[in-house]
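This report refers to the structure that appears directly beneath it.
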Amino acid sequence: MTKIKNERGGTNRLLVILAVLILIMVVVISIPSFKAFNYRSECIACEQAIKSATDGLRIEYLDTFDEESINKARETLAAVMPEREDICPRHGNVYLLRDENGIFVPVCGLHDSDAARRTRLNASYAGNLLEEKRRNILAKAKEGAPEPDKITIKVNNDPLQCVRVSEKVNIKRGTSTTKGYDGIVAFYSTNDDGDIDYFVYADEDYCAIWNLDVGWSGSAYNNK
C-alpha cells in the first residue's frame, strides 16, 4: 500500500509539474500575439483619431481659405480637438505637415505608416528637445563643469537617452555600433564651440542623421 501511495503521489506531482509547464508555454506563446493585437488596436484607434483631426482642419481651412502658418495650424487643431495631446491612444507626438493641397494635416510619431517620415519627424523633434535641454543644463552648470555624457528627453511619451560621443559613429542595427541597441538609440557630438554638429536618431526601420553642414539625411536598414 505504501508503495502504491508513493507512486500515486509521484504521479500527481509529475502531472502538476507538467500542467505548470504547459501553462508557462501557453503564456509565452500568447504574449507576442497579445502585443501584436494590442498594437494593431492602437493603430486603428490612432488612425481614426488622426482622420477626425484631419477632417476638422480641412473643414476649418475651407471655411476661412487662409494660407495657414504652422503656428496658426496648431491653434486651429487645438480649437478643433482641445485634447490634441491625447489624439494618439499611446500619447504619440502629433506633428503637422502640409498635404498635396497645401493644407496642414496631423501625423502620428508612433503609428504613421511611412516609416521614413515618422522617423525623420521624431528625429527632428528629438534634436530640438536635446538642444533646448543642453542649453538649460549648461546655463545652470557651474563655470567649467563638464557636460553630462547622457541627456534624457521624452519622445512619444517615452524617455530616450541621448549619448554624447567623441566622434561620429555609423549606426547599423544589429552591430556593435548600437551599443546595446534596444528599440531606439540617439547619439550626438559637439564641435569646438560646444554646438551640436552631429545627431543620430535610429529606430527599428530607419536611421535619421543630422550634420551641421548638410542638415538631415538617412537611410532604411534591416537586421541582415
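How far apart, in nm, are the 7 Å Cα→Cβ label points at E75 and S166? Between E75 and S166, the simple spin-label model gives 5.0 nm. The calculated FRET efficiency for the pair R58 and L212, based on their C-beta separation and a Förster distance of 25 Å, comes to about 0.10. For an R0 of 22 angstrom, estimate the FRET efficiency from the Cβ-Cβ distance between I44 and A116 and round to the nearest 0.05. For I44 and A116, the calculated efficiency is 0.50.
Bear in mind these aren't lab numbers, they're just calculated from the coordinates by the rules spelled out. As the structure is a prediction and not an experimental result, all values here were calculated from the model. Cβ: placed from backbone, ideal geometry, glycine included. Neighbour counts: every protein chain shown.
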